[in-house]
């Protein structure tokens, strides 16, 4: 090997190694999670079907990371579509037009069978569930108790095997899980200067 | 030759390996270049993917540029930059392709991130490995595999959920991923080995082909050289001899080719020879008929012709042609031949005829001299006897007359008859003139006898061994022989010194002296032509140490500088045809120097004359070969 080139190659390796680390670090940094109500919020306008658990995903209509969450949701519903009620809420921040929510994510969510896609005007519904990060999934029992709260991707915008999905699937199969949460990877639903209800 | 063609096996192997390495280097460089483009393309693609899939990150209604875009631009640029740089600056080097392999795997990781971990993007890893196999260097797969394995290993430690979807995978979980990479590597390595084997086989075929080509080229070069040499030899043979090769169109009698010698012999440029009517215009009128007889040559017929051609300086040059009929490349009938300048040959033939004639005359003269000698002797003896008889008779007659006058014994009548008879025959006159007439006859006979003796001495038969000769006597005899050549133009003077007998071949020395004396007479004749003057030929002999020296001087015009070096050359002559053969001085030199070990020099002065010096060893033994051609000029 040409030793004259060894030094610049080593420097380059360090640089790109650092880049890989930064990328992984970024991708694996979860968003905030608020104090999720342990019981189905009384004021919620979301419809529930008696005798079936209800799944709620709070989403930002323009968060690119949420595309992976919707993909994983599709995987989940492909198996349990008939056994639960699923809602995907796309927040419509105050001041933003209705059409602002009609993004490709909306169309993706609308394309998933068994999903109720809703515009969450002024993020009121999300606020009831104390949602802070796009892609946050909540699973409530038919009786209204919270069974799971967390993300269903392994990293920011990353599809594939992940803890959240595995735990939800286990819950739905009736298998005991060690934990009923998982990190949520996605964009903040609220701007930094907005008051965040239920922030922990 | 076979050894040269095939070469040594290890040498061939070495050449094959060199070519293989060279071809591999070409592949390395070409693949480096492809990856350089790919690196740039991936960079742009990564930025595009980031801009399309994740242009912004949002917080409520606020947004900012997504980190993926920055990663695509900065990190992607960093990944691609060094491989591109190395591909440009260090193409073909191992570090370049190993760096490219690392970068390509990093690109797989980045693209997977940018596309949200889509399973399809993972094919980039396997596609990249296959692409890296384009290098046909199995070692390039090692850094690629290490990068993939290390990525999964470290992520399994630090961010296990992002890669395995679980929080606590077993440490060797990364091997599962590495296995599939290795799995592909197996096929790629097999493929690479096969490819390298084929490349080596191609290199061997190429070397074999080069060896064959080299051999063929060598053979072609060798044959071409031989052909060129042969052509040069043929050309030299054809064009550097005195013979002029030529070809002539039979119908037009126009030369279509003549050798370059033609220009030197007749003085006309080659191009002029090739013009129409050249031959007709330059052939002697008496020989015109000969050239038209060319046309009578039958195909493949052969002939020899001698004819005269006019040279550029106006002289007729005899040319002998040997020719044959044929056809040229256009199937036109042509005559081809060799032409030789035989003017000199003709001249020699004439000289030879003259010499033969002179030889015959000489032989006749020698024979006559021999035959005359005996009768001249007995005629002389008889005349001597007659003279003595006449003297005696005269005395007797005088006594008779005196006795009869004082004491007449005859009758008066008888006495008167006697007196009448004496008056009738003019006895007093007879008595006065007859002895003188007999003396004149004797003088004449003596002169004839001298000439005959001289001729006999001159025509001294050649002895195998040298014998002691009275050189002065021998030269005197020779001068007698040459008298007729000299007497009309010059007086001959001699100054013979005391010489002992000189050991030599007398007849040959006489010949040498005669040739020089005749040359002297001719030189004087040329010099005094048109005047009433007479020249002088002076022949001196003297002894110098152990040598006898003969000096023959003439008062001719001298020898010009330009020909002084040539006068001893055979056949060199300034005389017209029939007067000299150009052999005289050459023969003289040969006799004096080669046969007697002497020297033959000359001194000359233009307008005054020339003196030739013959120096002969008296004892006939030459201890030192004198410088043969030295001469001095006054």
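Please give the strands (runs of 3 or more DSSP E) falling wholly within region B:463-555 in which 1 or more residues are surrounded by fewer than 16 Cβ atoms within 10 Å (Cβ to Cβ). Show your work before the answer.
On the way: elements: B:467-469, B:490-496, B:502-504, B:535-544, B:547-554.
The qualifying strands (runs of 3 or more DSSP E) are B:467-469, B:490-496, B:535-544.
Given the options A:152, A:159, name the one that is within 15 Å of residue A:84 (Cβ to Cβ), under 13 Å from the mean Cα position of the chain (by Cα) and within 12 Å of chain B (Cβ to nearest Cβ).
On inspection, the qualifying residue turns out to be A:152.
Answer with yes or no whether residue B:111 is away from chain A (no Cβ under 11 Å), under 30 Å from residue A:189 (Cα atoms), buried (at least 17 other Cβ atoms within 10 Å of the Cβ) and modelled with pLDDT under 95.
On the way: away from chain A (no Cβ under 11 Å): yes; under 30 Å from residue A:189 (Cα atoms): yes; buried (at least 17 other Cβ atoms within 10 Å of the Cβ): yes; modelled with pLDDT under 95: yes.
For residue B:111, the condition - away from chain A (no Cβ under 11 Å), under 30 Å from residue A:189 (Cα atoms), buried (at least 17 other Cβ atoms within 10 Å of the Cβ) and modelled with pLDDT under 95 - is met.
Give me the pairs: first residue in region A:182-194 and at the interface with another protein chain (Cβ under 8 Å from one of its Cβ atoms) and under 17 Å from residue A:124 (Cα atoms), second residue at pLDDT 95 or above and part of a loop (DSSP other than H, G, I, E, B), beta-carbon distance under 7 Å, and six or more apart or on different chains, which are they?
Final answer for the pair search is A:189/A:60; A:189/A:134.
Of the numbered conditions (1) within 14 Å of another protein chain (Cβ to nearest Cβ); (2) modelled with pLDDT of 95 or more, residue A:199 satisfies every one except a single condition; which is it?
Only one criterion in (1) within 14 Å of another protein chain (Cβ to nearest Cβ); (2) modelled with pLDDT of 95 or more is unmet by residue A:199, namely (2).
Go through region A:138-161 and count every residue that is surrounded by 21 or more Cβ atoms within 10 Å (Cβ to Cβ) and within 18 Å of residue A:58 (Cα to Cα).
Matching residues across region A:138-161 total 15.
For region A:171-185, which residues satisfy the criterion of being within 25 Å of residue A:27 (Cα to Cα) and out of contact with any helix residue (DSSP H, G or I) (no Cβ under 6 Å at 6 or more places or on another chain)?
Across region A:171-185, the qualifying residues are A:178, A:179, A:180, A:181, A:183, A:184, A:185.
For the structure I just gave you, tell me whether residue B:117 is within 12 Å of chain A (Cβ to nearest Cβ), in contact with a strand residue (DSSP E or B) (Cβ under 8 Å, 6 or more places away or on another chain), crowded, with 17+ Cβ neighbours inside 10 Å and modelled with pLDDT under 90.
yes
Quickly run through region B:50-65 and pick out the residues that are part of a helix (DSSP H, G or I), surrounded by fewer than 22 Cβ atoms within 10 Å (Cβ to Cβ) and more than 8 Å from chain A (Cβ to nearest Cβ).
Correct list: B:51, B:52.
I'm trying to understand the selection: among the residues of region A:22-73, which are assigned to a helix (DSSP H, G or I) and either more than 14 Å from chain B (Cβ to nearest Cβ) or closer than 13 Å to residue A:153 by Cα (or both)?
If the condition is that a residue be assigned to a helix (DSSP H, G or I) and either more than 14 Å from chain B (Cβ to nearest Cβ) or closer than 13 Å to residue A:153 by Cα (or both), then A:27, A:66, A:67, A:68, A:69, A:70, A:71, A:72, A:73 are the ones that fit.
Tally up the residues in region A:165-181 that are more than 9 Å from chain B (Cβ to nearest Cβ), surrounded by 18 or more Cβ atoms within 10 Å (Cβ to Cβ) and within 17 Å of the chain's Cα centre (by Cα), please.
So the answer is 2.
Filter region A:28-63 down to the residues that are closer than 30 Å to residue B:147 by Cα and in contact with a helix residue (DSSP H, G or I) (Cβ under 6 Å, 6 or more places away or on another chain) and list them by number. Please lay out each step first, then the result.
Keep residues of region A:28-63 that are closer than 30 Å to residue B:147 by Cα, which gives A:28-31.
Within region A:28-63, A:28 is the sole residue that qualifies.
Residue-by-condition table, conditions (1) assigned to a helix (DSSP H, G or I); (2) at positive phi; (3) modelled with pLDDT of 85 or more:
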| residue | (1), (2), (3) |
| --- | --- |
| B:589 | yes, no, yes |
| B:592 | yes, no, yes |
| B:601 | no, no, yes |
| B:614 | no, no, yes |
| B:621 | no, no, no |
| B:624 | no, no, no |
| B:628 | no, no, no |
| B:633 | no, no, no |
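Is it the case that some residue within region A:153-173 is in a strand (DSSP E or B) and at pLDDT 95 or above?
No, the conditions are met nowhere in region A:153-173.
For every residue, the table says whether it meets (1) in contact (Cβ under 8 Å) with a residue 60 or more places away in the chain; (2) closer than 22 Å to residue B:345 by Cβ.
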site	(1), (2)
B:228	no, no
B:235	no, no
B:244	yes, yes
B:249	yes, no
B:270	no, no
B:274	no, no
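Can you tell me which residues in region A:74-120 are assigned to a helix (DSSP H, G or I), buried (at least 21 other Cβ atoms within 10 Å of the Cβ), touching a helix residue (DSSP H, G or I) at 6+ places or on another chain (Cβ under 8 Å) and within 14 Å of another protein chain (Cβ to nearest Cβ)?
A:76, A:105
The values are calculated or read from the model by the stated rules, or taken from the named source; none is laboratory data. Note that the coordinates shown come from a computational prediction; the quantities given were computed from them, not determined experimentally. Note: ideal-geometry Cβ built from the backbone for every residue, glycine included; neighbour counts use all protein chains shown.
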